[in-house]
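Have a look at the structure below before the remarks.
Readers should treat all values here as calculations from the given coordinates under stated rules, not as data from a laboratory. Please read these numbers as outputs of a predicted model, since none were measured by experiment. We place every Cβ from the backbone using ideal geometry, glycine too, and count neighbours over all the protein chains shown.
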Amino acid sequence: MGVWEAAGLMVLSFVLLAKCADYLVEGAIDIARYLHAPPILIGIVIVGLGTTAPELAVSVTAALRDSPEVALGNAVGSVIYDDGLALPMAALFATTAIAIDRIVLRSAAIFLITVDLVAWYMAFDGTLARVEGGALVGLFVLYLIYSFWEQKRRPRAEIVEEEAPSRSLWLVALLFVGGLAGVVVSSHFIVEATPVVGEALGLPNVVIGLVVVALGTSIPEVATCIVAARKGQGALAVGNILGADILNICWIAGASALANPLVVPADVINFMFPWMLAIVLTMLGLMRIGYELNRWKGLVLLALCIAYLIALFATNPGALAPGIEKGV
């Protein structure tokens, strides 16, 4: 495959990925409504599962094709872009400050910080083994159970009922299955094309994973946040990002390690995880202030994301000058 052919395939695949992920999210939300799932599961888990489907498909495929840096870099990089790009877009496009649910933020923040630290500890030696991946997936299941239990304990007056879906169940199922199939197929072509383009540009694998693939597969979160904010549903955008962050570490990195142990240089691990934690902690701290997300907080997160990209390229001269080899 030539470099221009690969580049064209990447562009088309990313377009297909974003559109199919949109169908997947719509189908997932309506399925949750048909099943009368608690609203918190729609925002954090159901929508999160839909918008992180591209990351899951890409990372697992990369792991099976012996590209561990792309697999783990995509998962961790997606957290950085979700918090440093998608969430700021929600804040900037929202007509008013986005109110933050205190109960949801407290439980999600504690769990998110815990799993980030646990994952870093597991991968500190340069390997995320199968048993460690299984443990991360197990933590996600526990969080899902806890979220459902916590929602059931909340006073009925605090719970906003979701409107009934306008589509038929068959159409909803078609949207969900068709969207999922499109996500898997487009993700396959992305993994096929990115190494060709990356090698032609002299990009190290870690940069391909942390920048090209992670940013591309974060498109659904960015699009969801912008659309939700413009429709006055900023809280849904926040719930989506919190859920996506948890899923990227527990579900995506964990499932990738289950598929094939992820062996990544320790210096790469100790670059990506501290940056991820810094952005996650800043995001949670800003949302804790006044329990709202406004434009200036979005700009702070966006500035952190830009600083991360500068640091990534500054410590990877090979990303800018082909032939110069240096780790992260």
- Item | Furthest towards positive pole of dipole, MET283, GLY179, ALA266, structure part the chain, Cβ charges | MET283
- Angle in degrees between helix 130-153 and the longest Cα principal axis of the chain, rounded to the nearest 10: 20 degrees
- Note on the structure: Helix 295-314: inclination vs the chain longest Cα principal axis, degrees, rounded to 10, gives 20 degrees
- Looking only at ALA229, ALA109, ALA200, which one moves most when the chain is put into a Gaussian network model with springs between Cα atoms under 10 Å? ALA200
- Item | Computed magnitude of the charge dipole of the chain (debye, nearest 20; Cβ of K, R +1, Cβ of D, E -1) | 800 debye
- Can you give the charge dipole size of the stretch 1-156 about its Cα centre, rounded to the nearest 20 debye, using +1 on the beta carbon of Lys and Arg and -1 on the beta carbon of Asp and Glu? 760 debye
- Query: Where does helix 102-123 land angle-wise versus the long Cα axis of the chain, in degrees 0 to 90, nearest 10?
  - Reply: 20 degrees
- Contact order relative to length of the chain, as percent, for alpha carbon pairs under 8 angstrom and 6 or more apart: 41 percent
- Most fluctuating of LEU309, LEU284, LEU17 in the GNM of the chain (C-alpha, under 10 Å) is LEU309
- Task: For PHE124 and ALA200, calculate 0.36 nm times their separation in residues minus their Cα-Cα distance, and state this gained length in nm to one decimal.
- Result: 24.3 nm
- Message: Across the chain, what fraction of all alpha-carbon pairs, as a whole percent, falls in each successive 10 Å bin from zero upward?
- Response: 6, 27, 36, 23, 6, 1, 0
- Across GLU221, GLU199, GLU69, the residue with the highest GNM fluctuation in the chain (Cα network, 10 Å cutoff) is GLU199
- Task: Express in nm, to one decimal, how much length is gained between ALA99 and TRP296 on full extension, taking 0.36 nm for each residue of separation and deducting their alpha carbon distance.
- Result: 69.5 nm
- Item | Full-stretch length increase - ASN270, ALA303 - with 0.36 nm per residue and alpha-carbon distance subtracted | 9.8 nm
